Every structure is written in structure tokens, then in C-alpha cells.
Amino acid sequence: MNRTRVLQEIRMMRFEEAYTSWQDRRLTQEEAARLLGVCERTFRRHIERYEEAGLEGLIDRRIEDVSQRKAPVDEVVRLQTLYKERYDGWNVKHFYERYQGDHGGQRSYTWVKKRLQADGLVETGRRRGRHRKARPRKPLEGMMIHQDGSTHEWVPGQSWDLIVTMDDATSTVYSGFFVDEEGTLSSLRGVRETIELKGLFSSFYSDRGSHYWFTPTSGDEVDKRVLTQFGRAISHLGIEMIPSYSPKNGVTRRVVPPPTGEII
């Protein structure tokens, strides 16, 4: 694989990472574009191509596409065997780096991804909805605190949840620790450590986890009339809770308004 082709594959991987961060509201379009070294207009064009045709839409057709050459069966088997025996559970991006660097792989990122997906070794990502508008950050520190848990095998053979509580305006992390499983106590600990360090904050933003919110029907809107134990504690502090929500058919889900709360 020539240098130009390698650079194109790297660019596609970096775009996919930036796109995911933008969709998850961790980056604005301006920040994602800066990460890729392009202007916002170019980043939006890449988004349109990606959402219409996937990674194939980002390929520069002027470059000879090695991935279109029909691969021998034994090459496909070697790739799949390598993944199963040494990299089972890795995502495609990290596996591809080892495939190229440690094993002299010559195929493109797209080709490797398709071969692994075809054999059921990695999941096929669900295409996200178009035109998801990123939530703007709060302008001042302390206006909103964001909390999230991330499950990962942080050390070999040990899978923990990392609980991070951070400021929405500055991304300053006020609390971070590992637990066996995210839940009410870990979330309250993150809030307590944040308050001890910085004092009370105005609002709290989280995903729609069951220890934060009561959701009558899976995948539907949260019901603010029914408080979880965590929600009750936050309400006693006079802090507004705000759920993250996903667009459904292009329309943002509403949230059931809160009268007085029944406790679950």
C-alpha cells in the first residue's frame, strides 16, 4: 500500500472518531473540524458524504483502491483467525493499527472492517440520524455539571466502570474513580466530591440511566414525576436535573413535566 493510500485510511479513521465525538456531543462542529485540520464547511461536507454512503463516501476515487481487489480466500481466513485468536473484542480502529504495524497488513481500513463484520466478529454500527444538532456548552463554570460512566477493561482481565463528573463549560474534571458497576451510590459520590471541591452547582446533566431517571417504556421519554433515589437527593439540593435525549424521526423527544414527585 503506497503512502498516499495509507494517509487516506488514517484520515478516514480520524474522521470516524471525530464524527462519533460530534454525534455524542463531546465536540462541537468547530472543534471536530479543528481536530481534523479542516474548516467547518469541509467537515459538514464530509458528514453529508459519510451519512449518505458511509466510509466509502470519503474515499478519494483518484487514488487506486487496493481494497477493491478480490482477496484470496486464505488471506481472508488469516485475517479472521488473527482477530479471533489475538484481538477478540477489540474495536476495528485499534485492531487495524496492529494489523498494519505488527503484522504487515496491506489492506485498507474499509476492507478489514467489512471482512470482520461479514464474519460477525465485530458489530455493524447503526447509522445515526442526520442533522443532529449539538447542544451548546454553558457559558460559565458551575452552571451545569455532566456525569457519565464508561465501562472498559482498563487493565487486562479487569472490567470496571469509570465514573467522571465534570464541568460542562470548561470540561474540568472534579471527580473520577473506578467502581465495579455504575449505580446510585457511585453517582452520589461523584456529586458529593464535586460539591466538596467547588460548592453547589445549578444543573446536572446525565444520560437516561435507570438510577438517574424513571422511564415507563424502554427507549421512550423519561418521567420527571417519578423520582429515583438519586433524583430525590438532587431535588433536595435545589439542583435541576436535565436528561440527554436522542432524536426520533427528526424530532427531539419531549420530557414529561414534573409536578410533585412519587419516589421509587
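Here are some residues: D167, D148, D180. Which one is under 29 Å from T228 (Cα atoms), free of Cβ contacts under 8 Å to residues at least 24 places away in the same chain and not aliphatic (A, V, I, L, M)?
D180
Among the candidates T20, T28, single out the residue that is modelled with pLDDT of 75 or more and closer than 25 Å to R98 by Cβ.
So the residue among T20, T28 that is modelled with pLDDT of 75 or more and closer than 25 Å to R98 by Cβ is T20.
Would you be able to say whether some residue in region 63-78 is assigned to a helix (DSSP H, G or I), assigned by TED's automatic domain parsing to the domain that holds R11, on the phi < 0 side of the Ramachandran plot and modelled with pLDDT of 85 or more?
Yes, there is a match, as at least one residue in region 63-78 is assigned to a helix (DSSP H, G or I), assigned by TED's automatic domain parsing to the domain that holds R11, on the phi < 0 side of the Ramachandran plot and modelled with pLDDT of 85 or more.
Report every pair of residues separated by at least 6 positions or lying on different chains whose Cβ atoms are under 8 Å apart, first residue within region 204-215 and in the same structural domain as G231 (by TED's automatic domain parsing) and free of Cβ contacts under 8 Å to residues at least 60 places away in the same chain, second hydroxyl-bearing (S, T, Y) and surrounded by fewer than 19 Cβ atoms within 10 Å (Cβ to Cβ).
Going by the 8 Å Cβ cut-off, the qualifying pairs are D207/S244; R208/T215; R208/S244; R208/Y245; H211/T184.
Name the pairs whose Cβ atoms lie under 7 Å apart, with the first residue in region 224-236 and assigned by TED's automatic domain parsing to the domain that holds L200 and within 13 Å of V191 (Cβ to Cβ), the second of a type outside the set (D, E) and in a helix (DSSP H, G or I), and 6 or more positions between them or separate chains?
What qualifies is Q229/T184; F230/T184; F230/S187; F230/L188; A233/L188.
The values are calculated or read from the model by the stated rules, or taken from the named source; none is laboratory data. Small disclaimer: the values here were computed from a predicted structure and weren't measured. Note that each Cβ is placed from the backbone with ideal geometry, even for glycine, and that neighbours are counted across all protein chains shown.
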